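Reviewing the structure listed below.
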Amino acid sequence: MEYRSIVVLTGAGISAESGIRTFRASDGLWENHPIEEVATPEGFAADPTLVHRFYNARRAQLQDTAVVPNAAHLALAELEQHFAGEFLLVTQNVDNLHERAGSHALRHMHGELLRLRCNESGYSFDHHGDSSENESCVCCGLKGTLRPDIVWFGEMPMFMDEIYTALSHCDLFLSIGTSGHVYPAAGFVEVANEAGAHTVEINLEPSQKQSHFKEHIYGLASECVPEFVN
Ligand code: BV8
């Protein structure tokens, strides 16, 4: 079948083979820190030092020279480049591996690890080094207003209007490397089904939303995604 509009959703599983830990695997990040402490506005208000330290560690890990895009990231960039129809890649991931693989039509719905945001003005900017609550904001000069430019639990994800518009008229929805735990991303397959799209799950194992997908491909993203795309 020739598709005319593709939406791809990726989660932590697509970056696992690049060396970025996933959230719910046994060595998952959350296990080292309860979600409430490091990925909620309340956690940040209670202990900004801990939260800055949590994200500084992840920012440093992401900039380790061994962490590079894998074949799955590259295959999606290739698909975007050669596909003549509409294409949107939505990622829950906050790493920069899709960009580094060459993806352009990309939206980070949960924010980006290599950016900070001013709590006062909402101004966000690239920041690859450590962050702390002692830094002054570049926009208002105030101290203590900077936070990671990340969407925490209880906060509204980004680009939602654009994403729902794309989902409501796509004819192929491809979900890769996500456990289907976290909403609203986990609900995207239902919107795509409503639009009559062919819905495909590529994952290491069945996700929480497995029954909503028309096609299932289980295995390593770095093998299954290039195979599916080519
Ligand atoms: C919202 C940034 C409403 C942080 C993340 C109570 C209070 C408030 C909200 C809620 C609540 N109860 C429920 C909710 C909703 C909540 C939610 O869904 N909670 C869950 C836990 C039940 N959602 C929210 O809060 C969202 N916001 O609802 O706002 C609102 C409305 C109006 C106005 C204001 C607000 C916001 C959610 C965003 C949270 N931020 N990330 C950070 O990264 O530090 S979520 C976090 O989980 C990451 O983004 C991650 O990507 C995402 C999802 O996880 P996955 O990507 O799926 O990763 P996971 O490890 O789970 O799975 C990996 C999969 O890959 C596995 O299945 C594995 O088998 C597979 N895999 C592994 N290796 C491979 C592989 N597959 C292929 N190949 C491999 N090699």
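The values are calculated or read from the model by the stated rules, or taken from the named source; none is laboratory data. Just so we're clear, the structure is a prediction, and the values are computed from it rather than from any experiment. Methodologically, a virtual Cβ is constructed for each residue, glycine included, from the backbone with ideal geometry; neighbour enumeration extends over all protein chains shown.
Observations on the structure shown:
- Members of the stretch 70-90 that are of a type in the set (A, V, I, L, M, F, W, C) and either closer than 15 Å to ARG4 by Cα or away from the ligand (no atom under 12 Å from the Cβ) (or both): LEU74, ALA75, LEU76, ALA77, LEU79, PHE83, ALA84, PHE87, LEU88, LEU89
- Among the residues making up the stretch 155-168, those that are under 16 Å from GLY187 (Cα atoms) and of a type outside the set (Val, Ile, Thr) are MET156, PRO157, MET158, PHE159, MET160, ASP161, GLU162, TYR164, ALA166, LEU167, SER168.
- Residues satisfying the stated conditions in the stretch 178-230, i.e. out of contact with any helix residue (DSSP H, G or I) (no Cβ under 8 Å at 6 or more places or on another chain), on the phi > 0 side of the Ramachandran plot and within 9 Å of the ligand (Cβ to nearest atom): GLY219
- Check on GLU17, more than 23 Å from PHE159 (Cα to Cα) and at pLDDT below 95: no
- Verdict on LEU142 being hydrophobic (A, V, I, L, M, F, W, C), closer than 15 Å to ALA39 by Cα and more than 12 Å from the ligand (Cβ to nearest atom): no
- Odd one out for HIS98, checked against (1) in contact (Cβ under 8 Å) with a residue 24 or more places away in the chain; (2) not in a helix (DSSP H, G or I): (2)
- So GLU155, is it assigned to a loop (DSSP other than H, G, I, E, B), over 14 Å from the mean Cα position of the chain (by Cα) and within 12 Å of the ligand (Cβ to nearest atom): yes
- LEU114 in a strand (DSSP E or B), in contact (Cβ under 8 Å) with a residue 60 or more places away in the chain and either surrounded by fewer than 16 Cβ atoms within 10 Å (Cβ to Cβ) or out of contact with any helix residue (DSSP H, G or I) (no Cβ under 6 Å at 6 or more places or on another chain) (or both): no
- In the stretch 196-230, the residues that are part of a loop (DSSP other than H, G, I, E, B), surrounded by fewer than 17 Cβ atoms within 10 Å (Cβ to Cβ) and without any contact (Cβ under 8 Å) to a residue 40 or more places away in the chain: GLY196, GLU205, PRO206, GLN208, LYS214, GLY219
- With respect to the conditions (1) part of a loop (DSSP other than H, G, I, E, B); (2) modelled with pLDDT of 95 or more, CYS140 lacks only one, and its number is (2).
- Condition check for HIS108: on the phi < 0 side of the Ramachandran plot, more than 8 Å from the ligand (Cβ to nearest atom) and either surrounded by fewer than 17 Cβ atoms within 10 Å (Cβ to Cβ) or of a type in the set (S, T, N, Q) (or both): no
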